[in-house]
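Below is one structure, written out as structure tokens, with a few remarks after it.
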Amino acid sequence: MKKFWNQTVEFKALIISSSLTILGFLGTLFLFWFNHYEIPLAVLLGGLIVSLSWLILYLSKRSDKARIKLDIFAIYLRLGLVALLTALFAFLQYRFNIVTVSPIFLVVSYLSISLLTLLAFIGKDNNVR
């Protein structure tokens, strides 16, 4: 466990957000049997956005060059992607009655996974690199 906490912040956040995404998806998987497939898919999509953004940040930190512009772009891309997908799925749901992903649960799962990933670092900030 010490080896995990000695890794970079981006790597730890990538592993934690990926794990939370998988656990959240598995925890809501039973809703497929009740024909509420839009909730597990929203959890999966929200977690995938968070995990992919941490993967981009992790890969940019592995190189020796400082890529601050790429980091800022990845953060804003994540927020813009969530806003765009939420608007798209809300439009499809209310205009055409096509329910594939719940826009409310997309935002809730995105925020939950992001906040739980950040909460994992409380008390562990003494070795943050």
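Scanning the range 67-93 for residues that are over 15 Å from S114 (Cβ atoms) and open to solvent by 90 Å² or more (accessible area, probe 1.4 Å) gives R67, I68, K69, F73, L84, F91.
Taken across the range 38-61, residues that are more than 30 Å from K2 (Cβ to Cβ) and small (G, A, S) do occur, with at least one present.
Taken over the range 74-103, the criterion of being in a loop (DSSP other than H, G, I, E, B) and either under 23 Å from S51 (Cβ atoms) or not β-branched (V, I, T) (or both) is satisfied by F96, N97, T100, V101, S102. H36 satisfies every condition listed in (1) out of contact with any Ser or Thr (no Cβ under 7 Å at 6 or more places or on another chain); (2) in a helix (DSSP H, G or I) except (2).
Set side by side, the residues W54, W33 differ, and just one is aromatic (F, W, Y) and within 18 Å of A120 (Cβ to Cβ), which is W54.
Checked against (1) under 18 Å from L81 (Cα atoms); (2) modelled with pLDDT under 95; (3) open to solvent by 50 Å² or more (accessible area, probe 1.4 Å), S53 meets all criteria but (3). Before we move on, is A13 small (G, A, S), at pLDDT below 95 and surrounded by fewer than 20 Cβ atoms within 10 Å (Cβ to Cβ)? Considered against the rule, which asks whether it is small (G, A, S), at pLDDT below 95 and surrounded by fewer than 20 Cβ atoms within 10 Å (Cβ to Cβ), A13 comes out as no. Considering (1) farther than 27 Å from F11 by Cα; (2) aliphatic (A, V, I, L, M); (3) crowded, with 17+ Cβ neighbours inside 10 Å, the lone condition that I113 does not fulfil carries the number (1).
The values are calculated or read from the model by the stated rules, or taken from the named source; none is laboratory data. Small disclaimer: the values here were computed from a predicted structure and weren't measured. Neighbour counts run over all protein chains shown; Cβ positions are idealised from the backbone, glycine included. Only protein heavy atoms, including side chains, enter the accessible area calculation; ligands, DNA and RNA are left aside. Shrake-Rupley method; radii C 1.70, N 1.55, O 1.52, S 1.80 Å.
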